[in-house]
Amino acid sequence: MPAGFTVQQCLASIGLTYHDLAECTSLQAEWSLIKRHFFHSARETHPDKGGDVAAFLEARAAFEVLRKLYETAKVQSFAASGGLATASTFDASVHDFESGEVPSWE
């Protein structure tokens, strides 16, 4: 199954697993950890830093899906929502990002 079809796959795209979220005591704590992992992933995969464009766009789209779930309160816990389907949101995010330029790291 391609990346981004579930919350679990979106988390994996930014380098997180359920085990990483296990010690979080709230949705806000999970979101903070997700943001840290995304920014770390972005630094490693950004084309300006020698990374792969496809990997960067995948991580960026996955983060956008997770952000939308968080901001719209569609999850009470990312760890408990691993199987939640996110394919349409992920595909729309990928399409939006592919149609534009990768922002400069600088």
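So the values come out like this:
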{"quantity": "Distance (nanometres) between label positions extended 7 Å along Cα→Cβ at T25 and D52", "calculated": "3.9"}
{"quantity": "Solvent-accessible area, 1.4 Å probe, carbon plus sulfur percent, for region 1-43", "calculated": "57"}
{"quantity": "Derived scalar couplings ³J(HN,Hα) [region 13-29; Karplus, 6.51 cos²θ - 1.76 cosθ + 1.60; whole Hz; x for Gly, Pro]", "calculated": "5, 10, x, 10, 10, 4, 4, 5, 8, 4, 8, 6, 9, 7, 4, 5, 5"}
{"quantity": "Square roots of 5 times each gyration tensor eigenvalue, C-alpha, region 18-57, largest first, Å", "calculated": "26, 8, 7"}
{"quantity": "Amide H contacts of T6 (H built 1.01 Å from N, under 5 Å, at least 5 apart or other chain)", "calculated": "T86"}
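The values are calculated or read from the model by the stated rules, or taken from the named source; none is laboratory data. These figures come from a predicted structure and were not determined experimentally. Please note: Cβ atoms are built from the backbone with ideal geometry, for glycine as well, and neighbour counts cover all protein chains shown. All accessible areas refer to the heavy atoms of the entire protein, side chains included, with ligands and DNA or RNA removed. Shrake-Rupley method; radii C 1.70, N 1.55, O 1.52, S 1.80 Å.
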